[in-house]
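Working notes, structure below.
The values are calculated or read from the model by the stated rules, or taken from the named source; none is laboratory data. What you see is a predicted model, and the numbers here were worked out from it, not measured in a lab. With ideal geometry, Cβ positions are generated from the backbone for all residues, glycine too; neighbour counts draw on all protein chains shown. Please note that ligands, DNA and RNA were not included when accessible areas were found on the heavy atoms of the full protein model with its side chains. Shrake-Rupley method; radii C 1.70, N 1.55, O 1.52, S 1.80 Å.
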Amino acid sequence: MTTFAPVQEAQNFLANNPDIELIELFILDANGVPRGKLLHREELLALYQSGRPLPSTMLGLSIQGEDVEDSGLVWEVGDIDCRAYPLPGSLVRLPWRQMPTAAVQVSMHPSEGLPATPADPRQLLIRVIEQLEAEGYYPVMACELEFYLLDQKRDAEGRPQPALDADGGRPRQTQVYGLRELEQIEPFLRDLYAACKAQGIPARTAISEYAPGQVEITLEHGPVLAAMDQAVRYKRLVKGVAHRHGMQACFMAKPFDHLAGTGMHMHVSLADTQGNNLFASELSDIRQGAGTPLLRQAVGGMLASLLDSLLLFCPNANSYRRFQANSYAPLAPTWGVDNRTVSLRVPGGPAPTRHVEHRICGADANPYLAAAAILAGIHRGIADRLDPGAPVEGNGYAQAKTLLPTEWLASIQALERSDWARDAFGADFLKVFLAVKRAEYRQFMGEVGEQDWRWYLSNA
């Protein structure tokens, strides 16, 4: 499935964009941080013809951008060059930049990128997708990303604050689904939607979320790899446009103690070779324990693998502050039909649109890794014919019996101990990912005090 862009794509882009001077080459690391280099126009064709060498350490860095020696990608391999190639359709203009600049996303070559290839989150997702497709299941996904629009200036006490509205006021009230709140950020939304259109990103519905300055914009569903590519580029785009407007787009999972957390809801279904939805069934049937067996098995697999893969959904210390009752964030390994108090929700709508909304990820999760973990869980459920039990009805918070871990270390240890995760994700990937998380945990415990730990993960 690994396909790279043809040289003609770069030639056409240069011909159609004669003013472009610089190109940002980037690859996404395990933390979802884009890392790379700034190329001149004259270097672009060579990238498409023969790839670009990147240091192996680039995919084994901590959230602070420091080498993680235990990753196996530093001294023992001599920080070797690993060759990456551009992805089709990823060469786009960055309309918020002052200089005429474009960006191109790259991924490690399966063989020329070794030893860093197994640590490339996109390559892991490809591997999981291929396992499902080999059995006739074609996963479809969509991503909903929440974020806060913050002022680039801190308040009088040095704390983050919501960005000013167009009328000069500061948002102070929740006003969920408020239309005036969207009107007040119209200049930002106008440029955001224009940039999405220019980059081919299918941005759709915008809503004012459950806190002052919190926004959610949905992306259209499609084949998983393309959908996650779009989510990655969309996140960069939101940050860039916000910066141009004097704001900071914050994707931390819980930037404020007293306000709503920020999630990344993943909508998933399986299709056959003709594109028919294999989860299609009526809500009444699902509630009664009937419906499509495949949907129930998928839910069962996601629930069974939830603890083992929680670190991929909630990768940082701050991620776990989002798990609170009566907050619309998840609290327990539960599922339900058209119920927002559970972790896995089967939304309403016509039967052909049936899918599962996975509500566990924080907005700080890497979309590639989150998607890989969701699909690996689904694969497990199908293979073992797992049944999720009866769906929760009513208040899922009040009925929760087994709670999700609220401590980072517990998720690190669960992934370390999981034989299932080792089979699903591969020992080489887990070596790097766990080394990074262990290094971050040690640094966090040694250097960050309770009073300021909410702001520790600045790259979110």
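Couple of notes before you dig in:
- Only the Cβ atoms of Lys and Arg (+1) and of Asp and Glu (-1) were treated as charged; on that basis the dipole of the chain about its Cα centre amounts to roughly 620 debye.
- In order along region 114-121, phi translates into HN-Hα couplings of 5, x, 7, 3, x, 8, 6, x Hz, rounded to whole numbers, per the Karplus curve 6.51 cos²θ - 1.76 cosθ + 1.60 with θ = phi - 60° and x for Gly and Pro.
- Computed Rg/Rh of the chain, alpha carbon atoms with Kirkwood Rh: 0.95
- Pairs over the 28 Å Cα-Cα cut-off, from the set Lys197/Lys437; Lys37/Lys431; Lys197/Lys431; Lys239/Lys431; Lys197/Lys239: Lys197/Lys437; Lys197/Lys431; Lys239/Lys431.
- Prolate/oblate/rounded call for region 108-150, Cα gyration tensor, a/c under 1.5 rounded: oblate
- Note on Arg154 and Arg340: their simple-model spin labels are 3.3 nm apart, each label 7 Å out from Cα toward Cβ.
- Accessible surface ranking for Arg233, Arg442, 1.4 angstrom probe, highest first: Arg442, Arg233.
- Pair-distance distribution P(r) for region 254-298, from all Cα-Cα distances in 10 Å bins starting at 0: 23, 33, 20, 20, 5 percent.
- Potential extension, Ala383-Glu133 segment - 0.36 nm per residue separation minus Cα distance: 88.7 nm
- For the peptides 14-25, 366-377, 64-75, the ranking by mean Cβ contacts within 10 Å, running from highest to lowest, is 366-377, 64-75, 14-25.
- Relative contact order, percent, region 1-134 [alpha-carbon distance under 8 Å, six or more residues apart]: 28 percent
- The Glu76 and Lys37 beta-carbon pair, evaluated with R₀ = 22 Å, returns a calculated FRET efficiency of approximately 0.35.
- Label-to-label distance, Thr273 versus Arg287, with points set 7 angstrom from Cα along the beta-carbon direction: 3.8 nm.
- Charge dipole magnitude, Cβ of K and R +1, D and E -1 - region 172-232, Cα centre, debye nearest 20: 80 debye
- Protection proxy ranking of 343-351, 2-10 - average other beta-carbon atoms within 10 Å, highest first: 343-351, 2-10
- Per-residue ellipticity at 222 nm, computed for the chain from helices alone with -39500 (n - 2.57) per DSSP H run of at least four residues, works out to -10500 deg cm²/dmol.
- Taking the chain and dividing mean pair separation by its residue count, relative contact order in percent (alpha carbons under 8 Å, at least six apart): 16 percent
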